[in-house]
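The values are calculated or read from the model by the stated rules, or taken from the named source; none is laboratory data. The shown structure was predicted, so the numbers you read here are calculated from the model rather than taken from an experiment. Don't worry about glycine lacking a Cβ; one is built from the backbone with ideal geometry, like all the others, and counts go over all protein chains shown. For accessibility, only protein heavy atoms count, side chains too; no ligands or nucleic acids. Shrake-Rupley method; radii C 1.70, N 1.55, O 1.52, S 1.80 Å.
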Amino acid sequence: MEELFFGTAGIPASSNGSDSLSGIRRVHELGLGCMELEFVRGVKMGEKTAQNVNALAKKLDIKLSVHAPYYINLNSDGETLLKSRERILNSARIGHISGAKSVVVHAGYVKKGSGLLAYEKIKKEISHIREQMDSEGLNIALRIETMGRSSQFGGLDEVLSITEVAGVLPCIDFSHLHALNGKNNSREEFANILRSIENKLGRDGLDNMHVHVSGIEYSPKGERKHLEFETSDFNYKELACVFSEFNIKGNVISESPNLEIDALKLKKEYEKSTVCK
Ligand SMILES: [Zn+2]
């Protein structure tokens with residue numbers, strides 16, 4: 001990756017239509033560079049649409065990623081586990097056809113005190129899914145997201161450790177990391193997160209980032225809901241400046257309720273910040 005691109009989690013609100021093609025066109029008009037295809041309520045896009053999405057995104061040079069369904073728990077068994085595997089694989093299959101470079105996954109849930117067991121189980125499942133993806137020739141990174149509640153799998157350390165599985169990379173949701181404990185909201189803390197990524201993945205890790213951000217409301221239990229930057233305490237200006245300081249590359253996806261407005265705000269902040277104040 002040669003640059004840092006900013007974009008929206010799904011179709012911008014100001015798009016002409018409510019379909020992915022209209023969304024890609026609007027992202028382009030707004031001067032943004034990437035869009036995440038939201039399969040969060042199920043993989044409903046067909047192969048034909050995915051091919052059309054691929055062609056248009058290439059033409060307009062919009063980078064794509066895919067968000068797999070929310071209803072996934074790899075720390076499970078029986079029907080839930082089978083469905084979770086299938087949802088990730090289907091996201092990867094359609095994502096691959098659409099030309100997306102990453103499929104983002106919420107890996108599962110963790111019962112209190114069983115963190116290590118959950119980690120081993122989820123790592124095993126992720127390895128199997130990755131093997132299946134490779135056997136189908138799905139050239140798309142599987143990204144495990146940092147999550148905003150302690151009941152969810154996805155602490156920064158876990159998400160970085162699991163990249164030991166080849167073809168698995170992190171999706172760093174900075175707002176979730178903030179919501180977990182109210183910390184991770186300053187220049188120094190953001191810099192520490194990027195240093196951890198570099199320690200684990202080397203400079204390549206910073207050159208191929210996938211980031212989620214939004215304003216966020218949280219309680220002692222963690223994430224409550226996404227907010228716009230201006231109505232939350234999330235320090236997006238310092239985050240933008242740290243992005244610039246570390247010269248990270250990849251895609252930054254705004255998940256604020258006002259999608260494109262906060263994507264543009266963050267991009268503007270990034271472009272003007274050559275030195276952190
Ligand atoms: Zn997510």
(message) Being under 20 Å from D157 (Cα atoms) and assigned to a loop (DSSP other than H, G, I, E, B) is the filter here; which residues of the stretch 97-139 pass it?
(response) H106, A107, G108, V110, K111, K112, G113, S114
(message) Let me confirm something: among G148, G108, which residue is in contact (Cβ under 8 Å) with a residue 40 or more places away in the chain, within 16 Å of the ligand (Cβ to nearest atom) and either on the phi > 0 side of the Ramachandran plot or over 18 Å from the mean Cα position of the chain (by Cα) (or both)?
(response) G108
(request) Answer yes or no as to whether S91 is more than 16 Å from S150 (Cα to Cα), buried (at least 17 other Cβ atoms within 10 Å of the Cβ) and within 16 Å of the ligand (Cβ to nearest atom). (result) yes
(message) Which count do you get for residues in the stretch 53-84 that are surrounded by 16 or more Cβ atoms within 10 Å (Cβ to Cβ) and of a type outside the set (A, V, I, L, M, F, W, C)?
(response) 9
(message) Of the conditions (1) open to solvent by 10 Å² or more (accessible area, probe 1.4 Å); (2) free of Cβ contacts under 8 Å to residues at least 24 places away in the same chain, V159 satisfies every one except a single condition; which number is it?
(response) (1)
(message) Only one of F174, F229, F234 is of a type in the set (F, W, Y) and under 16 Å from the mean Cα position of the chain (by Cα). Can you tell me which?
(response) F174
(request) Out of the residues in the stretch 211-245 that are of a type in the set (S, T, N, Q) and touching a residue at least 12 places away in the same chain (Cβ under 8 Å), state the one that is farthest from R187 (Cα to Cα). (result) T231
(request) Answer yes if at least one residue in the stretch 28-51 is aliphatic (A, V, I, L, M), more than 14 Å from the ligand (Cβ to nearest atom), assigned to a helix (DSSP H, G or I) and surrounded by fewer than 19 Cβ atoms within 10 Å (Cβ to Cβ), and no otherwise. (result) no
(request) Evaluate the following for L117: is it open to solvent by 80 Å² or more (accessible area, probe 1.4 Å) and at pLDDT 95 or above? (result) no
(message) Restricting to the stretch 140-156, give me the number of residues that are polar (S, T, N, Q), part of a loop (DSSP other than H, G, I, E, B) and surrounded by 18 or more Cβ atoms within 10 Å (Cβ to Cβ).
(response) 1
(request) List every residue pair whose Cβ atoms lie under 8 Å apart, where the two residues are 6 or more positions apart in sequence or sit on different chains, the first residue falls within the stretch 246-263 and is over 27 Å from G202 (Cβ atoms), and the second residue, located anywhere, is within 14 Å of the ligand (Cβ to nearest atom) and assigned to a helix (DSSP H, G or I). (result) E255/S175
(request) Working only within the stretch 94-113, note down all residues that are over 30 Å from L56 (Cα atoms) and open to solvent by 30 Å² or more (accessible area, probe 1.4 Å). (result) Y109, K111, K112, G113
(request) Could you please give the count of residues in the stretch 216-230 that are assigned to a strand (DSSP E or B) and in contact with a Lys or Arg (Cβ under 7 Å, 6 or more places away or on another chain)? (result) 4
